1. Put +1 on the Cβ of every Lys and Arg and -1 on every Asp and Glu Cβ in segment 143-269; which of Ala239, Thr221, Asn159 then has its Cα farthest towards the positive end of the dipole?
2. If you take the charge dipole of segment 143-269 about its Cα centre, with +1 on Lys and Arg Cβ and -1 on Asp and Glu Cβ, which of Ser186, Ser268, Met199 is farthest toward its positive end?
3. Please check: in the Gaussian network model of the chain (C-alpha springs, under 10 Å), which one of Phe154, Phe163, Phe372 has the largest mean-square fluctuation.
4. Which whole-Hz ³J(HN,Hα) couplings does segment 147-152 yield from phi under the Karplus relation 6.51 cos²θ - 1.76 cosθ + 1.60, θ = phi - 60°, glycine and proline marked x?
5. Place a label point 7 angstrom from the Cα of Glu55 along the Cα-to-Cβ direction, then list the residues of segment 253-285 whose backbone nitrogen is under 17 Å away.
6. Inverting the mean 1/r over all pairs of different Cα atoms, compute the Kirkwood radius of the chain and quote it in Å.
7. For Cα pairs less than 8 Å apart in space and 6+ apart in sequence, what is the mean separation divided by the residue count of the chain, i.e. the relative contact order in percent?
8. If we count other beta carbons within 10 Å of each Cβ, what is the order of His153, His349, fewest first?
Amino acid sequence: MTKTRNFVLGISLGLAFCGATYAADAIKIGLPVGLSGANSVLAPSVVQSAELAVEKINAKGGVLGRKLTLEIADDGSGAQGAQRAYDSLIFQKKVDVIISMENSAARNAGLPIVNRGKVPMIYTSFYEGRSCSPWMYVNAWVPEQQVAPVVDHFMSDKNAKKFFLIGSDYAFGRGMLEFTRKYVKSKGGTVVGEEYLPMDGSDWTAVISQLRSAAPDALITSTVGGAPNVTLTKQLRAAGIKIPYGNLAVDEATAKTMGTDAEGIYISASYLSSLDNPANKQFLKAAKAKFGDKMQTPNELSEPVYEAIYAYAAAVEKAGATDGDKVVKALSSVSVEGPRGTIVMNKQHHAPLTMYLGRVKGDGSVEVINSFPNVDPGKQCPRLAD
């Protein structure tokens, strides 16, 4: 096994520097994110996590004596906007790294530009899996880590045998539900219906009608993060759908925007703001101190951005430079101790993660039902195996 170098968030980086005296040239972190479009519900928390990590690292003297700066670009929550954002960040802004919390359509559009520019990228959004590039690492979950806790709970505790699947019609929605369908069947269950709407779809009336007709025991959904999660859930509640409901794409921040409509949704996540560990308490305290009443709810789609910036900083320190090829080689052999525990992206550029099965309460917070330590991401990118 490759030996990892461990960095504790907010403590180990920059120990050689006692003040905020930096070399003249800053290290630029490119952050493409959906400031507009469906992901705009999530973007504020993502930006805050990035700002917090940069501020804390700079307060310790930066990285190799250089200050970190953020370059934020709106990807419009889609492919066309992502192409413009990546092109601007890599070839105009000349960023040293891309830290990306985006939907799969945006990622797929941006990745060829990353490959062409030969810039390291850490993708921080949970996704459908098997997106591979020598330049990209992933610190978020894939279906092999996320689906089983929900399906197994519904089968064992809710006696569910017939499942109905609803998704957004793009890579993530279809990829997640393809895996879910196969997993349900492998466990002896059946899928009695599977329906999709376009990414920007908002009228789920016909889909809910199909759901009623199929009379399933449980519902599992995989819609694009943000607005579609809200519209679908509200319409399900208005229609009086009361069967067990597992959402593979909702996060705490979005759940809070739903209000009482989110109550009872089951989720499987690698991060919850209620995690009771010193690193998470420190993270939440620092975020509250920096943003005050404007603090967004830290969530599964924002907290990994915080850890990704620390992982990049650790890789630069290990490499002794920001050269893309050197940093990429270092990324699989550094670890960070953060709110989610120890994160090492050494499994074919992906990371084993502790997963939590939770149920959303009426106030939008999540009650943890069970935990599953160090779940392996499975075979994602065999050609990138270390």
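All of the numbers you see were taken from the coordinates with simple rules; none came from a lab. Every value quoted in this text rests on a predicted model; they were computed, and no experiment measured them. Here the Cβ is made from the backbone with ideal geometry for all residues, glycine too, and neighbour counts use every protein chain on show.
1. Asn159
2. Ser186
3. Of Phe154, Phe163, Phe372, the most mobile in the Gaussian network model is Phe372.
4. Result, ordered by residue: 6, 4, x, 6, 4, 4 Hz.
5. 281-285
6. Values: mean 1/r = 0.0478 Å⁻¹.
It works out to 20.9 Å.
7. Working: 875 pairs, mean separation 77.3, N = 386.
Reported relative contact order: 20 percent.
8. Numbers: His153 20, His349 26.
Fewest-to-most ranking of His153, His349: His153, His349.
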